[in-house]
1. For THR73, what accessible surface area do you get with a 1.4 Å probe? Give it in Å², rounded to 10.
2. Please compute the per residue accessible area over the chain with all protein chains in place, 1.4 Å probe, rounded to a whole number of Å².
3. Using +1 at the C-beta of Lys and Arg and -1 at the C-beta of Asp and Glu, which of LEU24, TYR77, SER39 has the Cα lying farthest in the positive direction of the dipole of the chain?
4. Let me have the 222 nm mean residue ellipticity of the chain computed from DSSP H runs of 4+ only, each contributing -39500 (n - 2.57), with the sum over all residues rounded to the nearest 500.
5. Provide GLU37, GLU13, GLU63, GLU80 ordered by accessible surface of protein heavy atoms (probe 1.4 Å), highest first.
6. Can you tell me the dipole magnitude for the chain around its Cα centre, using point charges on the Cβ only (Lys, Arg +1; Asp, Glu -1), in Debye to the nearest 20?
7. Just to make sure I understand: if all protein chains stay in place, what is the order of TRP117, TRP109 by accessible area at 1.4 Å, largest first?
8. Need one value: the accessible area of TYR58 in square angstrom, 1.4 angstrom probe, rounded to the nearest 10.
Amino acid sequence: MKRIDKNGFTLIELMIVVAIIGILAAISIPKMSSILEKSREGATKGNLSAIRSAVAIYYGDKEGQWPEDLTTTFTTYLAEVPKANATLLGNSNATTLVTEPPITAGIGWAYCSANEWAGGVWCNSTAIDSKGYSFTTY
């Protein structure tokens, strides 16, 4: 009697491998989405620092005068206002003029040009980030 060598995998072995891959995918996909949001929040913090630096340079160049807003006369210091990349901030570069740090949820940035908060730039939302902090604390 001739012995036949069988190469390959059985159906059971293939089903076990597919089940394991499915389980790993089910575990990793939610983690990937939280990693993406954390990176958006990090980009938002970096963009906020860039805006604050540009506002400080403007203040120094204009000898103690804050920019009236972040769009008109400010473009020589920051060509374009970067986006607030975090999903809860709308991935927007909209800038709202305020008189104090934001106390409600909104999108984009908040900027104050007068009173004791003059020169202040914040994320324009009290929403909570992935670490449990309000965006206005950035």
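The values are calculated or read from the model by the stated rules, or taken from the named source; none is laboratory data. Values in this document were obtained by computation on a predicted structure and should not be read as measured data. Please note: Cβ atoms are built from the backbone with ideal geometry, for glycine as well, and neighbour counts cover all protein chains shown. When the accessible area is computed, the model is the full protein with side chains, heavy atoms only, and any ligands, DNA or RNA have been set aside. Shrake-Rupley method; radii C 1.70, N 1.55, O 1.52, S 1.80 Å.
1. It works out to around 80 Å².
2. Values: 9210 Å² over 138 residues.
On a per-residue basis, the chain sits at 67 Å².
3. Toward the positive end, the furthest listed residue is LEU24.
4. Using -39500 (n - 2.57) per qualifying helix, the result is -14000 deg cm²/dmol.
5. On the way: GLU37 35, GLU13 85, GLU63 165, GLU80 135 Å².
Correct descending sequence by accessible area is GLU63, GLU80, GLU13, GLU37.
6. Values: 11 positive and 12 negative charges, 215 e Å.
With Lys and Arg at +1 and Asp and Glu at -1, about 1040 debye.
7. TRP117, TRP109
8. 10 Å²
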